[in-house]
Amino acid sequence: MAWEGLRALFTVLDDAHFALAGRAIQLLDWDRSHRYCGRCGTPTETKSGERARLCPACKLSAYPRIAPAVMALVCREGEILLARSPHFPPGMYSALAGFVEAGETLEQCLEREVEEEVGVRVSRIRYFRSQPWPFPNSLMIAFVCDWTSGEIRPQAGEIEAANWFKVLHLPKLPSKISIARRLIDAVANEMRAGQ
Ligand SMILES: [Zn+2]
C-alpha cells in the first residue's frame, strides 16, 4: 500500500473508484477550508442532518462548493479546433475550457471563452456530457459547437498554440478517461463516419 495524489491516479483508477476518491477529496478540502465562518469569523460546527458547516453565532451555513466549467469543441467541415495550454505535456492538444462567471449561462460562458481564447465565433451549441473534476472542485460541462466566423488568434499567456486539425490526423490527445478525450473521440468518429 502507498499514498498517491489523486492526479497521479487519474489514468490508473477506473471511473467508479476515481469518482469516489474525487468526491472524498473535494469534501475534505471543503471541510478544511470552512473551519471559520466567512461572514463573522466564528469557528463553524458540523451541521446535523445535512452536509454543511454551520456558524453558531450568525447561523450562516456553508455547503460544499462546486465551480462549473465549460468545455467546447469547435467544429467545421471535417476539422476540429484544438489548443495547447502552456502547462500541457509536450505535443498534447485538447478542447477549449474555462470557468463560468457569476451571472453567466453556460452558453454565454462558452461563447465568451472561445472568443477570448482563440478569437472565433460559434453557433449551434449542443450539450455532450459532464464530469466532476476534483482539482479542486469543478464540474466540467462539455459541448460541441460550430464555427461561424473569425481566424484563430491564440490568447497570450493562456493559449500557447491553437489549430484546426483534420479528424484523420489528430495530434497527441488527453487520456482516455478524461471528458475532453471522450468529447474529441465522439466528434471525430462521427465526422470520420460521414467522410
Ligand atoms: Zn458567522
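The values are calculated or read from the model by the stated rules, or taken from the named source; none is laboratory data. This is a predicted model, so every value here is computed, not measured. Neighbour counts are summed over all protein chains in view; Cβ atoms, including those assigned to glycine, are modelled from backbone coordinates with ideal geometry. Note: accessible area is taken over every heavy atom of the protein model, side chains too, but ligands, DNA and RNA are not part of it. Shrake-Rupley method; radii C 1.70, N 1.55, O 1.52, S 1.80 Å.
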The range 42-55, subset under 17 Å from Asn137 (Cβ atoms) and surrounded by 14 or more Cβ atoms within 10 Å (Cβ to Cβ), residue nearest to the ligand (Cβ to nearest atom): Arg53
Going through the range 86-95 in order, the residues found to be surrounded by fewer than 17 Cβ atoms within 10 Å (Cβ to Cβ) and assigned to a loop (DSSP other than H, G, I, E, B) are Pro86, His87, Phe88, Pro89, Pro90, Gly91
Could you check the range 26-41 and list, in sequence order, the residues that are within 13 Å of the ligand (Cβ to nearest atom) and surrounded by 14 or more Cβ atoms within 10 Å (Cβ to Cβ)? His34, Tyr36, Cys37
Every pair of residues 6+ apart whose Cβ atoms lie under 7 Å, when the first sits in the range 56-85 and is within 16 Å of the ligand (Cβ to nearest atom) while the second is outside any loop (DSSP other than H, G, I, E, B): Pro56/Glu45; Ser61/Leu54; Ala62/Arg53
Given the conditions (1) in contact (Cβ under 8 Å) with a residue 12 or more places away in the chain; (2) within 24 Å of Leu6 (Cα to Cα); (3) open to solvent by 30 Å² or more (accessible area, probe 1.4 Å), every one holds for Gly98 apart from (3)
Scan the range 67-83 residue by residue and report those that are open to solvent by 20 Å² or more (accessible area, probe 1.4 Å) and either in a strand (DSSP E or B) or within 20 Å of Ser138 (Cα to Cα) (or both). Ala67, Pro68, Arg76, Glu79
Just checking, does the range 171-186 include any residue being open to solvent by less than 50 Å² (accessible area, probe 1.4 Å), within 21 Å of Leu106 (Cβ to Cβ) and in contact with a Phe, Trp or Tyr (Cβ under 6 Å, 6 or more places away or on another chain)? yes
